[in-house]
Amino acid sequence: MKRNQDPIDELFIKHQFQWDIENLEANNEVRFKEKLNQKKFNWKLFTSIGIAASIIIFMGITLCKPSYEKPSELQYASRETIQTDSIFTVLIERELEKIEEKKSPENKKIITDALKQMKQLDADYEKIIQELEVNGESKQIIYAMISNLQTRISFLQKVLEHLENNEHKKVFPDEKTI
């Protein structure tokens with residue numbers, strides 16, 4: 001009876017004289033160690049430099065941009081007052097974004113002056129908020145707050161309208177107006 005050989009044994013027998021039996025060079029181990037010890041790319045250094053650069057860029061953008069500072073939040077007001085304030089604040093921010101989109105060398109002075117005026121209106125608003133915190137809500141304080149917010153929105157709309165008129169005049173410089 002013939003005994004069946006294992007398929008792996010048959011494979012070894014079949015390829016018995018085809019094996020690569022060359023000896024490695026004497027300095028092969030030294031070469032491998034040199035490759036392993038070569039200085040690899042330092043990802044920690046690269047990431048820390050990237051983070052530092054991002055922080056510097058972010059600070060440069062925020063510090064160099066003449067921005068509008070949002071007045072402080074209402075803390076001692078009713079939910080309705082806070083909701084009204086947030087609605088007006090969103091509207092004011094949208095108008096400011098529209099004005100920032102219109103920024104150009106021709107409009108720079110107008111926008112700078114408008115932002116100065118907005119800072120004055122914001123200072124008035126801060127006084128109203130302080131009064132609200134000290135004395136609580138009253139009809140006069142709420143009216144003054146809403147009036148200030150409406151004034152800021154209408155002011156920004158007028159500035160935006162003025163900027164658009166300047167752009168329209170710039171498009172048709174040869175036309176004479178009567």
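The values are calculated or read from the model by the stated rules, or taken from the named source; none is laboratory data. Predicted, not measured: the structure shown is a model, and the values here were computed from it. Neighbour counts run over all protein chains shown; Cβ positions are idealised from the backbone, glycine included. Accessible surface is based on the protein model in full, side chains and every heavy atom, while ligands, DNA and RNA are left aside. Shrake-Rupley method; radii C 1.70, N 1.55, O 1.52, S 1.80 Å.
Figures for the structure shown
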{"read-out": "Which numbered condition E106 fails, given (1) open to solvent by 70 Å² or more (accessible area, probe 1.4 Å); (2) in contact with a helix residue (DSSP H, G or I) (Cβ under 7 Å, 6 or more places away or on another chain); (3) assigned to a helix (DSSP H, G or I)", "value": "(3)"}
{"read-out": "Residue check for I49: modelled with pLDDT of 80 or more and open to solvent by 40 Å² or more (accessible area, probe 1.4 Å)", "value": "yes"}
{"read-out": "L24 being modelled with pLDDT under 75, in a helix (DSSP H, G or I) and open to solvent by 100 Å² or more (accessible area, probe 1.4 Å)", "value": "no"}
{"read-out": "Residue within the stretch 153-163 that is open to solvent by less than 80 Å² (accessible area, probe 1.4 Å), under 20 Å from S78 (Cα atoms) and touching a residue at least 60 places away in the same chain (Cβ under 8 Å) present", "value": "no"}
{"read-out": "The stretch 94-124, residues that are over 17 Å from K158 (Cβ atoms) and not charged (D, E, K, R)", "value": "S104, P105, A123"}
{"read-out": "Hits in the stretch 65-98 - residues which are open to solvent by less than 30 Å² (accessible area, probe 1.4 Å) and at pLDDT 85 or above", "value": "T89, I92, E95, L96"}
{"read-out": "Residue match in the stretch 140-149 (condition: among the small types (G, A, S), farther than 15 Å from L91 by Cβ and surrounded by 11 or more Cβ atoms within 10 Å (Cβ to Cβ))", "value": "yes"}
